Amino acid sequence: MAAQWSLLLTALTLWGSALVGALRRQQRLDWLYLGAAIPFAAFAALELWAHGRGWPAAAYALPMRLLYQCLISGVALFLMALFKGALRVYRQLLGVQLWLGLALAVSPGLAGSAAGLMVAAWAWFNMGCAGVLVALLAHALWRYKVSSRGWTVFLAATAALNAMASDLLGEGSDGVLTVSWAQVFVLPALAVPWLLMTRRLGHPGRRGTEADLHVRQQWAQDLHDGLGSQLSAILSSLGRNTPQERATAAALHECLLELKLLVDGADEAASVVQLLASLRYRLQPLLQASGIELHWHVAFAQELEQFDGARAREVLRIAQEALGNVVRHSGASQVRLCLRCMKSRQTLELEINDNGKGLASTPEGNAHHAMGKGLGGMRQRAAALGGHLSIRSAPDIGTRLSLSVPLGSAGGNRGRTQSID
């Protein structure tokens, strides 16, 4: 019952936060998030109550399907409200999904021997509607110039769709839904765009005032204290007996790391040296648990202490992604991080190398496909800094990532060509 209690506590905590925000600010998004959280709490509460009374799963299959239909509709309505300029067809599709979905959810009880077929029809109908909505969001992102918040909404929608697929397509032939760990992660995932939209952190290109900085720091701390405490509670209640539980625990550790680094990076005055020191502190337990020895070499230089703000956070994210790849994929026993200032070239130099199994080369002799989407993100960050990123790797030798960034402002610089050897 760990998943059920975790979902109930997470839903009630976030529901309470949304209620307080709705009463204070009277914003529509607060009410919609509150409405989206209620079916999650009811879904978990019903299963806990039925289990406590010793009911067989088939006895409460119908109310669980009805609550899940409300859960789907609540999440979809919230996501559509977040996505500014949603077309009328979106709202019409939501209405069709709700009412026809409720009808199909009830139909197995009236279908007799065809009950299993009707349950499958209900599941695939909802998957089809949700898939169309996510595809419409993807089309809008591709066609129109959408802010980074729009992409945050799309990522939350994708996370919800994945959880839904796991629930509906992975259930047993008896058609009985149950609380899953995937559901536990959906509400925190939705909370990220909700907080971004309602807290109004300001335009990323504008230099923050002292008041803006305070708001960003408070938002980051609230996110850490609220979601962070819930993730910690879930992690402590999660077993480690099965591969799925261990994978879930690893994912939770990464979520907590991300939240902690978000709080650390909220300080605009933090230098790249301070942010990397924070990364070292946050990652050390994970590296030790993976049997990886970290060698840390950070040179003292005034120029590095003055390298701060958004530029420092970009370097932090590149280092975080690189070290995360070492933990997840390399099989290394040692990793070395070196940060120094090259005064002759007026550049910041970051190097991360491990003694792992290396990256499998493509027929062209590079490691593009082996690095996946993480490489694309690192390349974009390096380009934004006007820097140069290179990765050298060979099977059974290890991987070395090198980043060179101009010490001056990157505002007018263009990123040089990144190479992967």
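The values are calculated or read from the model by the stated rules, or taken from the named source; none is laboratory data. In this text, all values refer to a predicted model and were calculated from it rather than measured experimentally. For neighbour counting, all protein chains shown are included, and Cβ atoms are generated from backbone atoms with ideal geometry for every residue, glycine included.
Before moving on, here are some points about what is shown:
- Any hit, the range 349-356, residues being β-branched (Val, Ile, Thr), in contact with a strand residue (DSSP E or B) (Cβ under 9 Å, 6 or more places away or on another chain) and at pLDDT 85 or above: yes
- Where residue 300 falls short, out of the listed (1) of a type in the set (Phe, Trp, Tyr); (2) outside the structural domain of residue 407 (by TED's automatic domain parsing); (3) not in a helix (DSSP H, G or I): (2)
- Residue in the range 325-341 that is touching a residue at least 24 places away in the same chain (Cβ under 8 Å), among the basic types (Lys, Arg) and more than 20 Å from residue 400 (Cα to Cα) present: no
- Yes/no for residue 374 being modelled with pLDDT of 85 or more, closer than 20 Å to residue 398 by Cα and surrounded by fewer than 21 Cβ atoms within 10 Å (Cβ to Cβ): no
- Single residue of the range 289-320 satisfying the filter (touching a strand residue (DSSP E or B) at 6+ places or on another chain (Cβ under 6 Å), modelled with pLDDT under 90 and of a type outside the set (A, V, I, L, M, F, W, C)) that is surrounded by the fewest Cβ atoms within 10 Å (Cβ to Cβ): 305
- Answer residue from the range 1-30, given it is among the charged types (D, E, K, R) and in contact (Cβ under 8 Å) with a residue 60 or more places away in the chain and is farthest from residue 71 (Cα to Cα) among those: 25
- A single member of 178, 158 is among the hydroxyl-bearing types (Ser, Thr, Tyr), at pLDDT 80 or above, surrounded by fewer than 20 Cβ atoms within 10 Å (Cβ to Cβ) and outside any helix (DSSP H, G or I), and it is 178.
- Checking each residue in the range 1-58 for being buried (at least 21 other Cβ atoms within 10 Å of the Cβ) and either more than 25 Å from the chain's Cα centre (by Cα) or assigned to a loop (DSSP other than H, G, I, E, B) (or both) picks out only 47.
- The listed residues are 282, 336, 328, and the only one of them that is charged (D, E, K, R), in contact with a strand residue (DSSP E or B) (Cβ under 8 Å, 6 or more places away or on another chain) and under 29 Å from residue 359 (Cβ atoms) turns out to be 336.
- Residues (of a type in the set (Asp, Glu) and farther than 13 Å from residue 183 by Cβ) located in the range 1-52: 30
- Among (1) over 22 Å from residue 123 (Cβ atoms); (2) at pLDDT below 85 - the single one residue 4 does not satisfy: (1)
- Scan of the range 95-123 for residues that are surrounded by fewer than 16 Cβ atoms within 10 Å (Cβ to Cβ), farther than 13 Å from residue 64 by Cβ and modelled with pLDDT under 85, ordered by number: 95, 96, 110, 111, 112, 113, 114, 116, 117
- Scanning the range 317-355 for residues that are in a strand (DSSP E or B) and of a type in the set (S, T, N, Q) turns up 334, 347, 353.
- When residue 361 is tested against (1) under 20 Å from residue 381 (Cα atoms); (2) modelled with pLDDT under 85, just one condition goes unmet, and that condition is (1).
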